[in-house]
Every structure is written in structure tokens, then in C-alpha cells.
Amino acid sequence: MSKKTAFINCTILDGTKDMIPQENMIVLVEDKKIIDIKKSNDTLSGYDVIDLDGRYLLPGLINLHVHLPGSGKPSDKAQSPEKVQKLMKNPISRFVVRKMCANYAKTQLLSGTTTIRTVGGLGNIDSTIRNKINSGEILGPRMLVSDMAISVPGGHMAGVLAYEATSEEECKALIRKIAENKPDLIKLMVTGGVLDATVKGEPGVLRMPYEYVKACCDEAHRLGYPVAAHVESPEGVKVALKAGVDTIEHSAVMDEEILTLFKEKGASNICTISPGLPLAKLDPKLTGSTELTKFNGNIVLDGIISSAKAALENDIPVGLGTDSACPFITQYDMWREIYYFSKFVGVSNSFAIHTATLKNAEIIGLDKEIGSIEVGKYADMLIVDKNPIDDLKALRTPYMVVANGNVIKEPKIKKIAIIEESLDSQL
């Protein structure tokens, strides 16, 4: 994008809670920021003019729960900790993995997601990619990263996307180790998940004791980092909130104690319907689910949906993320999470879009910079052919994406047919 660009003849959906379409608008951008929004067609001398011919211009989507090391293909098998560590120690294979993750970050951008928040990656690969994007060396979305998470032996993603802590002191030492690469947040794996559950009816079993979570939170906050936590059970939510976690990722059924803790701690609830739906709703022959994973998948899915509803009813901030790289969760399907949020949680299409843009920006503390079409904010924008308030599926195929000074016209993404066909059956 040149230093001065005018997007004319657009219909603006500004990302605010009560947004309504603003027709025949002009958005003027200079040095990556929006400098004016107006209706009249005054002189545009000195501007590169992009005529959007009535298309809908809205803020770029924000995905608050991303893992970059994976495409979401159901055929991709989880690697053992030993194999992952071997890959990361070899300079050649590490380079290949980093390039793969950078391509997946770019895919997020091409799909209309202009900001991502990674919550568990391989080594310091995520922060390296973030730095390369920020320097203009490679193309990608705005990134907030956690790099490796912290788990415990036998815990969720232990030895793969998370370090294993065996004491409170080791928790603090690992926080300091992660901080060496200047992440944007710290991620904890407080409970197990669906795929590593061993007991029917008991997904999200507590793995990280309160003392470990508290030690991690205290050290992270001392260093100025917010803390996100993978949690999929009521017990885990209570432990995490009492210990000082800032965002609960996934969540579970909320009782009065949990609601009170959310309010007392000022924490946010990150809704991720996407990973639970395939396990709970699709044919086990397709997903490779066992009776155990399907049963537990339903429990987690119901908990995520009910917790989002309860949070909204009690004025607790709710954000959205996809949990990309999980089976059937691609790096290009943030639009599906928005669709599921509307369908299962029962919010309006406009509120779902607002949540995926301005509300997500508020949760990560960037609402003064991104999240809405507003003078003074960065021109992180998504342009689509039809009105997504009428049909959220309009977000599926961007006409144009604007971010980091780049205008990407008619972005092309290679999609995974089996995932598209399977998930479309749930629309």
C-alpha cells in the first residue's frame, strides 16, 4: 500500500457493538493508519484510489487462540515429545518447521484474520516469526505470542508445545526462560484435554496444582506478562482464577463461585467452539474418535457453549479463538468460529462480528490501535462481497485484506476438501 490510499464506494461495518452498514463511504489511509472516514467525494489528489464498488469493509478479524504447528488435517498425527525435540535440535528440520509455521501465519492473514494470538508453539519459533513480520521481512498478521507453554509431566501438550515443570521454583524459572525472547503473554496448561483424557466423563482433569499456577502467575505478572490458561473443567477454572490467570481458554460449566471469581479477578473467557464440534458431532470414522473421545468431546463442547452464555449474561468479557491446528481446525477458518458463536451461543450476527474484532482487541489491550474502523487506528481491514450481518458465511471468501501496510487483492488459499465438506454439514 502506498503512503496514501483511498478506499472509495465501500459499505462500512465498523466493528462496534451496535454497528449498522454505512453506505457510500470513503476510508482514507496514510502510513498504515486511518486518517479520515467520510461520505463526500472530495478531492483525492495524491491518493491511490481503490474502488470497492459497494463491497463491505470491516475490521480485520482477531483470532485469540492459535497454534501454528499444524494444518488441521485429520491425517496429521500428534508427534511424540521425543520426535519433536529431535526436530527442534536439528538446524535443518527446525528451519523447515519455522517456515511451515510462518506459512500458516500467512494463511491466517489471507483468510481475513489480521491479528493472531498464539498460545503454545515450538521453542521460540512464534516470536521469531513475529519479529520477521514486524520488520517487514515476511508477510503475515499482527502477532501476539506466548512461544512454549508450561505444563507438568503427563500434562496437556507436555514436552511438545509446553515445558514440564516439577516444582514452584521451576515454574518461575521457566517463565524467565520464556521471557528471554520477549513474548507477549504466558500460556499455562492447567488441565488435560479431550484427546488426552483417560476416563469417560472426566475431560479436563486438573493436572497443574494451584501452587504451580500461582507461582507462574506471580512471576509472569512481576515481569509484566498476562497469563492465559488451557482449562476444560470447573475445578480447573476455579484453580486458575484463584491463582491469578487473566484469560480462561475454552472454559467449562460455570457455577456462582466461578462467576464471582471471574468478576473479582477481572478475567476474560475465550470461547473456542471449533475444536469440540468435530469430535462431538462428526462421524467417529471420519475423526478417528473413540467412544471415550466422542463422549468427552460432547462434555467439553457443552461446557464451552454454556460458559460463554453464562459469561455474557453476567457481563464477563467473552472473546473468540479457533484452536487452530487441532484436528479439523484449519488456519483459515476463523469465520467458522464466528458462525458457531452466533449459532450455538445465540448472539446476533453483528454481535458475533463485534466480538471477533473490537471485543477481542479490548481483551488483549489493543483496542486503541485495532478492532474497529475508526480514525487513528491501524488500517487492518477485511473487505467482502456481501453483508456478513445478513449471512456470516460472507466472511468465508475475502475480496481483499489490508494489514501491515499491505493490500492483498482476492487472496487465494488452498483449502482442505475433507474438512470443508465435513464441517459444512454442520452449518
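The values are calculated or read from the model by the stated rules, or taken from the named source; none is laboratory data. Given the structure is predicted, the values throughout are model-derived calculations rather than measurements. Cβ: placed from backbone, ideal geometry, glycine included. Neighbour counts: every protein chain shown. Just so you know, the surface numbers come from the protein's heavy atoms only, side chains and all, with ligands and any DNA or RNA stripped out. Shrake-Rupley method; radii C 1.70, N 1.55, O 1.52, S 1.80 Å.
Scanning the range 196-252 for residues that are among the β-branched types (Val, Ile, Thr) and within 21 Å of the chain's Cα centre (by Cα) turns up Val227, Val231, Val237, Val245, Thr247, Ile248. Here Thr128 does not fit the description of being of a type in the set (Val, Ile, Thr) and surrounded by 22 or more Cβ atoms within 10 Å (Cβ to Cβ). So which residues in the range 409-426 are open to solvent by less than 70 Å² (accessible area, probe 1.4 Å), over 12 Å from Lys73 (Cα atoms) and charged (D, E, K, R), if there are any at all? Within the range 409-426, just Asp424 meets the criteria.
To keep it simple, each residue is scored yes or no on (1) closer than 23 Å to Arg222 by Cα; (2) acidic (Asp, Glu); (3) in contact with a Lys or Arg (Cβ under 9 Å, 6 or more places away or on another chain).
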{"position": "Ile258", "(1), (2), (3)": "no, no, yes"}
{"position": "Ala267", "(1), (2), (3)": "yes, no, no"}
{"position": "Gly276", "(1), (2), (3)": "no, no, no"}
{"position": "Asp283", "(1), (2), (3)": "no, yes, no"}
{"position": "Asp302", "(1), (2), (3)": "no, yes, no"}
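Under the condition of being touching a Cys at 6+ places or on another chain (Cβ under 8 Å) and more than 23 Å from Ala149 (Cβ to Cβ), the residues counted in the range 40-81 number 5. Within the range 373-408, restricting attention to residues that are of a type in the set (A, V, I, L, M), open to solvent by less than 60 Å² (accessible area, probe 1.4 Å) and in a loop (DSSP other than H, G, I, E, B), the residue that is farthest from Gly60 (Cα to Cα) is Ile389.
Entry remark, the range 12-52: residues being closer than 27 Å to Asp333 by Cβ and over 29 Å from the mean Cα position of the chain (by Cα) number 1 in total.
Only one of the numbered conditions (1) open to solvent by 50 Å² or more (accessible area, probe 1.4 Å); (2) modelled with pLDDT of 95 or more; (3) over 28 Å from the mean Cα position of the chain (by Cα) is not met by Lys106, and that is (3). Name the residue, out of Leu282, Leu292, Leu241, Leu259, that is touching a residue at least 60 places away in the same chain (Cβ under 8 Å) and farther than 21 Å from Arg336 by Cβ. When all the criteria are applied, what remains is Leu292. When restricted to residues that are within 22 Å of Leu195 (Cα to Cα) and not hydrophobic (A, V, I, L, M, F, W, C), the range 248-271 contains 4.
Might you let me know whether the range 211-229 holds any residue that is modelled with pLDDT under 95 and basic (Lys, Arg)? No; the residues of the range 211-229 include none that is modelled with pLDDT under 95 and basic (Lys, Arg). Identification of helices (runs of 4 or more DSSP H) wholly contained in the range 243-318 with 3 or more residues that are surrounded by 24 or more Cβ atoms within 10 Å (Cβ to Cβ) yields 276-281, 291-313. Residue selection: Val345 satisfies the criterion of being touching a strand residue (DSSP E or B) at 6+ places or on another chain (Cβ under 8 Å), more than 28 Å from Ile8 (Cα to Cα) and either aromatic (Phe, Trp, Tyr) or surrounded by fewer than 24 Cβ atoms within 10 Å (Cβ to Cβ) (or both). Here Thr322 passes the criteria (1) over 19 Å from the mean Cα position of the chain (by Cα); (2) of a type in the set (Ser, Thr, Tyr); (3) at pLDDT 95 or above; (4) more than 26 Å from Lys242 (Cβ to Cβ) except the one numbered (1).
Remark: pairs (first residue in the range 360-375, more than 13 Å from Asp14 (Cβ to Cβ) and of a type in the set (Lys, Arg); second residue part of a loop (DSSP other than H, G, I, E, B) and open to solvent by less than 30 Å² (accessible area, probe 1.4 Å); Cβ separation under 8 Å; 6+ apart in sequence or on different chains) = Lys368/Lys377. The C-beta contact set for the range 413-426 (first residue at pLDDT 95 or above, second residue in a loop (DSSP other than H, G, I, E, B) and open to solvent by 70 Å² or more (accessible area, probe 1.4 Å), distance under 6 angstrom, 6+ apart or interchain) comprises Ile416/Lys73.
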